Amino acid sequence: MKVSYNELQGLCRKAFLGMGFEDGDASDAADMVAWMQLHELDGLEALNRGLDYLLAEQLTEERAPVLLYSDDDLAVLDGQGYSVLRSSTLALELGFAKARARGLAVIKIRRCHNRQLIMGYLARIAGRGMNVTAFWRNAQAPEGEGNGQPPLTEQVVGFRANSSVPEIRVYAVTQVPEENEPNDGITLVFANHVNLQPSMRSEFNYDLLARHEESTLLASRERAMFDGISIDDAVWNKLKELAMRILVESTDASRGGAGAGTTDND
């Protein structure tokens, strides 16, 4: 099925509210998913993969990201295992402020997931005149080949200052360094005046899995705005079910508050 950007953003916002997001956070998260889907970057697929984690987070006590280290040029935060939809806003604003003051800044968010969905947040930072690049690893294969395990894959997303779309590279490292360690974080590099577009150079062998140029993403956006955004029916129905939680909670609240108030002034 096909829907408009506003329809997708609106339903996603209701779904995030149904998952316990605060109103402002729900709007931001919905923008991130809709932004990716608008550019044919499978934002709904990324959300669907991490939906169980997001629902599990709803059952735990909410914890803000913890600042582990900070100086004038660098900061390291613990995302406490949350989705970037909950844990990246502080990191991005911190990086933007440091880069504005110092010219360049590096921010590391440890222990986070749904990292693919950070792209829409990066677009906002780029729109404020900042070059920003993100790097993360998706999986790590145990030693040995042909064991059916996923390869070590790395992704680089780079926005030029004031550009609405990035350049993206996704690649599998076929020759894994001996000192390689698992990485469940994301590294962000902010530069006030230096272009940080991804360029593939490495002494290790790799297989390029995906390459998205700015021009390709702009064409995707134009096509989606004209023809509508393609949505998987099953995922759309799942979002509608999550959105229904708002109506249930509102109905329960209305029933609990029915009847006359404590005064006659209302």
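The values are calculated or read from the model by the stated rules, or taken from the named source; none is laboratory data. What you see is a predicted model, and the numbers here were worked out from it, not measured in a lab. When we count neighbours, we look across all protein chains shown, and the Cβ atoms used for this are built from the backbone with ideal geometry, even at glycine. All accessible areas refer to the heavy atoms of the entire protein, side chains included, with ligands and DNA or RNA removed. Shrake-Rupley method; radii C 1.70, N 1.55, O 1.52, S 1.80 Å.
Near the amide H of Ser83, within less than 5 Å, lie the amide hydrogens of His113, all on another chain or at least 5 residues away, with H placed in the peptide plane. Per-atom-type breakdown for segment 27-176 gives carbon and sulfur 49% of the accessible area (1.4 Å probe, protein chains only). With each label modelled as a point 7 angstrom along the Cα→C-beta vector, the Ser230-Val194 pair spans 3.9 nm. Straight-distance candidates among the lysines for linking to Lys238, with alpha-carbon spacing under 21 Å and chain neighbours fewer than 8 residues away dropped: Lys2, Lys14.
A Förster radius of 22 Å, combined with the Cβ-Cβ distance separating Arg211 from Asp42, puts the computed FRET efficiency at roughly 0.90. Normalised per residue, the accessible area of segment 1-112 is 46 Å², obtained with a 1.4 Å probe and no contribution from ligands, DNA or RNA.
You can think of it this way: the chain between Leu67 and Thr174 has 35.1 nm of extra reach, that is 0.36 nm per residue less the Cα-Cα gap. Phi angles of segment 157-172 translate, via the Karplus equation with coefficients 6.51, -1.76, 1.60 and θ = phi - 60°, into HN-Hα couplings of 10, x, 10, 6, 4, 6, 8, 8, 9, x, 10, 10, 10, 10, 9, 9 Hz per residue; Gly and Pro are given as x.
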